[in-house]
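Participant: Please see the structure below; I have some questions.
What follows is calculated from the coordinates using simple rules that are stated; it is not laboratory data. Bear in mind that the values here come from a model prediction, so they are computed numbers and not experimental data. For neighbour counting, all protein chains shown are included, and Cβ atoms are generated from backbone atoms with ideal geometry for every residue, glycine included.
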Amino acid sequence: MANRWINRLRDRDVTDEGVYLNRRQIMGGAAAGIGLAGLGQGAAAQEALTPNDYEDITQYNNYYEFGTDKGDPAKYAGALTTSPWTVTIAGMVDRPGDYAFEDIMKAMTIEERIYRLRCVEAWSMVVPWNGFELADLLNMAGVQSGAKYVAFETAYRPEEMPGLRFPVLDWPYVEGLRLDEAMHPLTIMATGIYGKDIPNQNGAPLRLVVPWKYGFKSIKSVVRITLTDKQPPTSWNKAGPREYGFYSNVNPEVNHPRWSQADERPIGGGLFARRVPTLMFNGYEEEVAHLYEGMDLTANF
Ligand code: MTE
């Protein structure tokens, strides 16, 4: 059941070097009784999700640390040193510390997740990520009982990130989730795309992906994760509090003050491609609506 967002069966291109896709997990998933019926249903549901080309996913980006044009990240993010890389896990955890990226990778199970990505600017893509569940990383650090939120921070490297010269945002880029959102099985840290290491422009070596929220919540190149009991500040909310809320769940009924969120432009369909309706929680309503039961989603945008 509930396996329809996970494509565990696809085993493409996994012989490339630098690919972390864990075959044991794929086999293990099937053997552990995810169930043939479940897999069948998953395969059917996935058919509707045709991933974008690698080219689209890696040439049309938002990563303002490298410039605000969609082509800037692909041009300039090569300058980012991604190895060695350390993620500091701090705050209300039993085992705080500096975790080397390689050690995290050894401890985590990498899966392929084909997710919709809906930018707040009203364009969208479908991306075949490789990554691990954020919950597994948080459990490795040991979340303490008083923790209620998770704060994230992107690397701050003025000498490698030309965009930091411009005060578009209050750098470094920061984001946050409620703890239950962070622990939800849909929430991953992505480390690959199409079975290859994630390119710098997409947030190497690891970035958050929260598929039911606007893309800006999915913070790139994470260097710090802090467990806290207070709602953390977030970059776009600081820049425009009336336009970008803390939750930022995809919601076709709550428009951005300056444009409609009712529909979106799928990338890859050409300049005159038809817009398609935006789905509540970006199509993941069944999985996540319960997180917001009783909340006014217009007030908590
Ligand atoms: N993370 C950082 N550090 N800086 C950014 O500018 N842009 C966000 C998000 N994460 C951004 C970021 C926005 S607006 C979107 S839509 C997605 O990354 C885009 O991810 P993609 O380029 O992999 O499609």
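Participant: Along segment 49-56, what does the Karplus equation 6.51 cos²θ - 1.76 cosθ + 1.60 (θ = phi - 60°) give for ³J(HN,Hα), rounded to whole Hz, x for Gly and Pro?
Facilitator: 9, 8, x, 5, 5, 3, 4, 4
Participant: Something else about it: Calculate one ³J(HN,Hα) per residue across segment 211-228 by plugging θ = phi - 60° into the Karplus curve 6.51 cos²θ - 1.76 cosθ + 1.60, and present them in order as whole Hz with x for glycine and proline.
Facilitator: So the J values, rounded to whole Hz, are x, 8, 10, 4, x, 5, 6, 7, 5, 9, 6, 6, 10, 8, 10, 10, 8, 9.
Participant: Given H placed on each backbone N at 1.01 Å, which residues far from Gly192 in sequence or on other chains put an amide H within less than 5 Å of it?
Facilitator: Here Asn130, Ile198 satisfy the definition.
Participant: Then there's this: Gly268: net charge of surrounding residues, Cβ under 12 Å, Lys/Arg +1, Asp/Glu -1, itself excluded?
Facilitator: -2
Participant: Let me ask something else about it. Amide H neighbours of Gln231 under 5 Å, counting only residues 5+ apart in sequence or on other chains, H built in-plane at 1.01 Å?
Facilitator: Under 5 Å from the amide H of Gln231: no residue qualifies.
Participant: While we're on this one: Applying the Karplus parametrisation 6.51 cos²θ - 1.76 cosθ + 1.60 with θ = phi - 60° to the phi angles of segment 103-111, what ³J(HN,Hα) value in whole Hz is obtained for each residue in order, glycine and proline being reported as x?
Facilitator: Using θ = phi - 60°, the values come out as 5, 4, 4, 5, 8, 9, 9, 8, 10 Hz.
Participant: Same structure again: Tell me which residues come under 5 Å, amide H to amide H, from His256 once H is placed; ignore anything under 5 positions away on its chain.
Facilitator: So His256 has HN proximity to Gln261.
Participant: Related question: Which loop-located trypsin sites (Lys or Arg not before Pro) does segment 211-301 contain, where loop means any DSSP state but H, G, I, E or B and the Cβ has at most 13 other Cβ atoms within 10 Å?
Facilitator: The qualifying sites are Lys230, Arg242, Arg258, Arg274.
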